[in-house]
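Written below as structure tokens is the structure these notes are about.
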Amino acid sequence: MTVLTSTPRKDGFFMPAEWTPHQQIWMAWPERPDNWRLGGKPAQAAFALVAKTIAETTPVTVLVSAQQYSNACIQLSASNIRVIETTTNDAWLRDTGPTFVTNKAGEVRGVDWAFNAWGGLEGGLYFPWDQDDLVASKILNNERLAGYRTDDFVLEGGAIHVDGEGTLITTEECLLNHNRNPHLTKEQIENQLREYLSVDKIIWLKEGLYKDETNGHVDNFCCFVKPAEVVLAWTDDETDPNYQRCRDAEQVLINTTDAQGRSITVHRLPLPQAIYASEEECSGVDKAFATQPRNPSIRLAGSYINFLITNGAIIMPTFNDPADHLAAAKLQILFPNHAIKTVPGREILLGGGNIHCITQQQPMSAV
Ligand code: KQY
């Protein structure tokens, strides 16, 4: 990619809200056997369904290894899906893809954050991550888009949400974690976000969801539904470790204002009941030295918040839980002009994330 040495803010570029029109959605094909059970076969079926559901309204591009190219092409065959052979370490495009930025003229560029697999050698989720760190620049190259590289600043796309009007939400648990940018103070981290995303107000939630292996990515916990309105994962079960986290986050949100000085309305979205991988599911995952081991006693961070907003549709994970319908109905109220499309999310959750984590939106270019 053409690497620009200024910053998006200096060049008049900003990160748009997720509900602005998309040119395409980027994904990658799951196959690493030490993260996805049974060699990734059940996850591949789940990813293919996500891709096909998105493709009903928005073009999708899926990055696939040489070994999986033919299989993926067949499983993904749909008119709106393009497959590109690309080497990756895994399939979390929210975190490895570029964060796209745009300007008033509708030009699009990308931010290529340094990536260390959610913590590097200090609690990161696999090693090596060198190919994943190249994914953003490969995508920008493919699209002939210029990019900004932050060699000295680690960030994942799932760690931030913006309203496109100057406000960003994140969590201290992730961005202030020693395993991301230990050389930077909170103020210096804020400055990076201001410069590379053109935001003016950063809202810091203390923590994300309990046992989220990303160190509390906000995209599994809270997101904007429109300027000055967010939806927050919620439980009224006092025995749930998320009980206090939800209330702490709500207090922060209702006691602050956004970049435009507006109060923030908080909508609550129920959490599914606690989800655990079965012994059988865990035993289908290969063991590896540097990879997060799978254990049926560790709760999975299941959340309906991990949905994607794309052209005319919300793609929401379901968990075969009584709250599936409540969550979909609530999102329909919050997004009256979008169709709510649900896709089973368990297989993706077994790998450590969900639909938002495996997708990255590229805004529509006007030039
Ligand atoms: O954004 C995410 N939730 C990524 C999770 C990575 C999990 C790797 N096992």
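For N255 and S77, the FRET efficiency from 1/(1 + (r/R0)^6), where r spans their Cβ atoms and R0 equals 45 Å, is about 0.35.
Hey, any idea what % of the chain's accessible area is carbon plus sulfur with a 1.4 Å probe? If you can, show how the numbers build up before the last one.
On the way: 7230 of 14310 Å².
Ligands and nucleic acids excluded, carbon and sulfur give 50 percent.
What is the ratio of the Cα radius of gyration of the stretch 228-355 to 2.2 N^0.38 Å, with N the residue count, to two decimals? Please report the intermediate quantities before stating the final value.
On the way: Rg = 16.6 Å, N = 128, 2.2 N^0.38 = 13.9 Å.
It is 1.19.
On the basis of the beta-carbon distance and an R0 of 25 Å, D248 and K287 show a calculated FRET efficiency of 0.10.
Among H161, H217, H338, the largest mean-square fluctuation in a Gaussian network model of the chain (Cα springs under 10 Å) belongs to H338.
For the stretch 8-363, the C-alpha radius of gyration sits at 0.91 times the compact-globule guess of 2.2 N^0.38 Å, with N the residue count.
Using only Cα coordinates, the Kirkwood hydrodynamic radius of the stretch 171-310 works out to 16.8 Å. Between L326 and S6, the FRET efficiency from the beta-carbon distance, with R0 = 51 Å, is close to 0.65. Centre-to-centre, using Cα atoms only, the stretch 236-262 and the stretch 178-214 are separated by 17 Å. In the context of the full set of protein chains, the stretch 8-363 has a per residue accessible area of 38 Å² (1.4 Å probe). Taking amide H positions as modeled 1.01 Å from N, with prolines and chain starts lacking one, the residues under 5 Å from T359 and 5 or more places away or on another chain are L93, R94.
The values are calculated or read from the model by the stated rules, or taken from the named source; none is laboratory data. What you see is a predicted model; the values in this text were computed from it and never measured. Note: ideal-geometry Cβ built from the backbone for every residue, glycine included; neighbour counts use all protein chains shown. Note: areas computed on protein heavy atoms with side chains; ligands, DNA, RNA excluded. Shrake-Rupley method; radii C 1.70, N 1.55, O 1.52, S 1.80 Å.
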